[in-house]
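The values are calculated or read from the model by the stated rules, or taken from the named source; none is laboratory data. Note that the structure is a prediction, hence the values are computed from the model and not measured. Note: ideal-geometry Cβ built from the backbone for every residue, glycine included; neighbour counts use all protein chains shown. We work out accessible area using only protein heavy atoms, side chains counted, and drop any ligands, DNA or RNA first. Shrake-Rupley method; radii C 1.70, N 1.55, O 1.52, S 1.80 Å.
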Amino acid sequence: MSEDKASNRMWGGRFASGPDAVMEAINASIDFDRKLYAQDIRGSLAHAAMLAETGIISTEDEQKIAHGLNTILSEIEAGTFEFSARLEDIHMNVEARLAELIGPAAGRLHTARSRNDQVALDFRLWVKEELERTDQALSRLLGAFLARAEEHAATIMPGFTHLQTAQPVTFGHHLMAYVEMLGRDRSRVRDAIERLDECPLGAAALAGTGFAIDRHMTAEALGFREPTRNSIDTVSDRDFALEFLSVAAICATHLSRLAEEIVIWSTPQFGFVRLSDAFSTGSSIMPQKKNPDAAELIRAKTGRINGDLIGLLTVMKGLPLAYSKDMQEDKENVFDAAETLDLMLAAMTGMIGDLEVNRQAMKKAAGSGYSTATDLADWLVREAGLPFRDAHHATGRAVALAEEKKCALEKLSLEELQAINPAITDDVFSVLSVSNSVRSRTSYGGTAPAEVRRQIRNWKKRLKRDASAAKSG
């Protein structure tokens, strides 16, 4: 059968001729939705098995269909399958080839379904599998963070607000902040899987079908929790795609924030970290340069994922129920964001794993900017009984004096401090060093090394528990 005749047959008897070249170009999606071939064939196998089980088609036809679909799957995976733009999409390409392979029995496969529920199924299956891959990638990245945080639980660095030195913290504590962010990302991934875990197959075009199908059977066969409950919503819903893009955008934002810090930390002015050659490049004319290109590209690719989210939100915002052809524009954004996020997560896992940390530079910077001023104020409240505002004022005077003398707070003499407030005793020097400051922050979730190590243990147990649950599931 010629492609023109095949195309006309797929369109149906309503049309006397096929679409012209412009219509063909704007209408076809096979260049990108061929990515759904495995999901499409998997869904068709489950649908055919259900049709045979319920007596809607014969067992003989179901066996022919299954054999033909598995042949097509082998052809696609071997690279010998010929995709045609004239057949529009992955569904029509598979169906046309099935007809060539098994003849009239192929026409029975589309009984009690539509391309509307078929594409909704294929896309859900793909997004669900991608979310599961993202979950595993996040688990690997969390493991890399926890290993480095444990290594640096007591490594002192400056903590910043407004990118100004605020209080001393540990590098392990700083890394654990990203563990919390990525942990929330992983939680959102799992929530998204839970929400999309409903099978669209059987909703047909928009109103369901009069055939006595078993939607619970196909849902179970395809690994879904249950079938969807409203046929109109089923074929018009792309929340699962939007939610994937939203999860990806938030996760990418977290990666971008860390990438920005790595860029800053690796400058000679900071010198906190050094990237390995594997994640750096040189300059074409400046031999001394070592550029943090992987971090910079992670930072940039976040904008790409954000654009994918805004693009699909804009496509969906004005669509009446149920299905509209606009929704064909849903896949490229998701495919692009998924590929981009996969790469970002892998690159960040590698960078964190072999990041070289300059402990001396970090500790030296931690003592700059009078970072223990808050410790002095707290001491005055705790030990001298001053109201905090009075303690804040006295500390400000001490900082001004240290600035005038061009020395650190702990280098002021006891007499100089007592001139500011006579309640100050020699004990105050126990809190003015950055090491003592860090050790004193023992509140739950604080930066004290003992507390950082406790949070690391908690997260390790959580990851181990999650891994065990995944295996048993």
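Counting only residues that are exposed (fewer than 15 other Cβ atoms within 10 Å of the Cβ) and in contact with a strand residue (DSSP E or B) (Cβ under 6 Å, 6 or more places away or on another chain), the stretch 439-454 holds 0 of them. For the stretch 227-282, filtered to residues that are aromatic (Phe, Trp, Tyr) and within 26 Å of residue 338 (Cβ to Cβ), the residue that is surrounded by the fewest Cβ atoms within 10 Å (Cβ to Cβ) is 279.
Sub-8 Å Cβ pairs linking a first residue in the stretch 427-445 that is in a loop (DSSP other than H, G, I, E, B) to a second residue that is modelled with pLDDT of 90 or more and among the acidic types (Asp, Glu), at least 6 apart or interchain, are 441/451; 442/451; 443/451; 444/451; 445/451, ordered by first then second residue.
Evaluate the following for residue 397: is it more than 44 Å from the chain's Cα centre (by Cα), open to solvent by 50 Å² or more (accessible area, probe 1.4 Å) and farther than 30 Å from residue 182 by Cβ? The answer is yes for residue 397. Answer yes or no: is there a residue in the stretch 200-210 that is within 13 Å of residue 47 (Cβ to Cβ) and open to solvent by 30 Å² or more (accessible area, probe 1.4 Å). Yes: one or more hits. The one condition from (1) among the small types (Gly, Ala, Ser); (2) closer than 19 Å to residue 43 by Cα; (3) open to solvent by 20 Å² or more (accessible area, probe 1.4 Å) that residue 120 does not meet is (3). Among the residues of the stretch 381-393 satisfying the criterion of being closer than 20 Å to residue 167 by Cβ and open to solvent by less than 40 Å² (accessible area, probe 1.4 Å), which is modelled with the highest pLDDT? Among those residues, the one meeting the criterion is 391.
If I filter the stretch 181-199 for residues that are within 30 Å of residue 228 (Cα to Cα), open to solvent by less than 10 Å² (accessible area, probe 1.4 Å) and either free of Cβ contacts under 8 Å to residues at least 12 places away in the same chain or not in a helix (DSSP H, G or I) (or both), do I get at least one hit? Yes, some residue in the stretch 181-199 is within 30 Å of residue 228 (Cα to Cα), open to solvent by less than 10 Å² (accessible area, probe 1.4 Å) and either free of Cβ contacts under 8 Å to residues at least 12 places away in the same chain or not in a helix (DSSP H, G or I) (or both). Residues in the stretch 337-357 that are open to solvent by 20 Å² or more (accessible area, probe 1.4 Å) and within 11 Å of the chain's Cα centre (by Cα): 3 in all. If you check residue 67 against the conditions, is it part of a helix (DSSP H, G or I), farther than 30 Å from residue 363 by Cβ and modelled with pLDDT under 95? The answer is no for residue 67.
Looking at residue 432, is it within 16 Å of residue 167 (Cα to Cα), of a type in the set (A, V, I, L, M, F, W, C), in contact with an Asp or Glu (Cβ under 6 Å, 6 or more places away or on another chain) and buried (at least 17 other Cβ atoms within 10 Å of the Cβ)?
yes
Filtering the stretch 210-258 to residues that are among the acidic types (Asp, Glu), under 25 Å from the mean Cα position of the chain (by Cα) and outside any loop (DSSP other than H, G, I, E, B) leaves 239, 243. For residue 396, the test of being in a helix (DSSP H, G or I), at pLDDT 85 or above and of a type in the set (Gly, Ala, Ser) is passed. Among the numbered criteria (1) in a helix (DSSP H, G or I); (2) open to solvent by less than 20 Å² (accessible area, probe 1.4 Å); (3) not β-branched (Val, Ile, Thr), which single criterion is violated by residue 112? Failing condition for residue 112: (1). Among the residues making up the stretch 57-72, those that are over 40 Å from the mean Cα position of the chain (by Cα) and exposed (fewer than 14 other Cβ atoms within 10 Å of the Cβ) are 58, 59, 60. Whenever a residue of the stretch 361-387 is touching a residue at least 60 places away in the same chain (Cβ under 8 Å), its partners that are part of a loop (DSSP other than H, G, I, E, B) and of a type in the set (Val, Ile, Thr), lying with C-beta atoms within less than 7 angstrom and at least six residues away or across chains, give the pairs 362/155. Against the test of being buried (at least 21 other Cβ atoms within 10 Å of the Cβ), of a type in the set (S, T, N, Q), touching a residue at least 12 places away in the same chain (Cβ under 8 Å) and within 30 Å of residue 336 (Cβ to Cβ), the options 170, 155, 134 yield a single qualifying residue, 134. Picking from residues in the stretch 403-419 that are among the aliphatic types (A, V, I, L, M) and surrounded by fewer than 18 Cβ atoms within 10 Å (Cβ to Cβ), the one that is modelled with the lowest pLDDT is 408.
For the stretch 287-321, which positions are among the acidic types (Asp, Glu) and either outside any helix (DSSP H, G or I) or open to solvent by less than 40 Å² (accessible area, probe 1.4 Å) (or both)? Hit for the stretch 287-321 is 308, nothing else. On the basis of being farther than 27 Å from residue 270 by Cβ and within 46 Å of the chain's Cα centre (by Cα), does residue 376 make the cut? In short, no. Of the residues screened, residue 149 is one that is outside any loop (DSSP other than H, G, I, E, B) and farther than 30 Å from residue 209 by Cα. Here the condition is being under 20 Å from residue 105 (Cβ atoms) and hydroxyl-bearing (Ser, Thr, Tyr); of 84, 74, it holds for 74 alone. Among the helices (runs of 4 or more DSSP H) confined to the stretch 1-52, the ones with at least 2 residues that are touching a Lys or Arg at 6+ places or on another chain (Cβ under 8 Å) and at pLDDT below 75 are located at 3-11.
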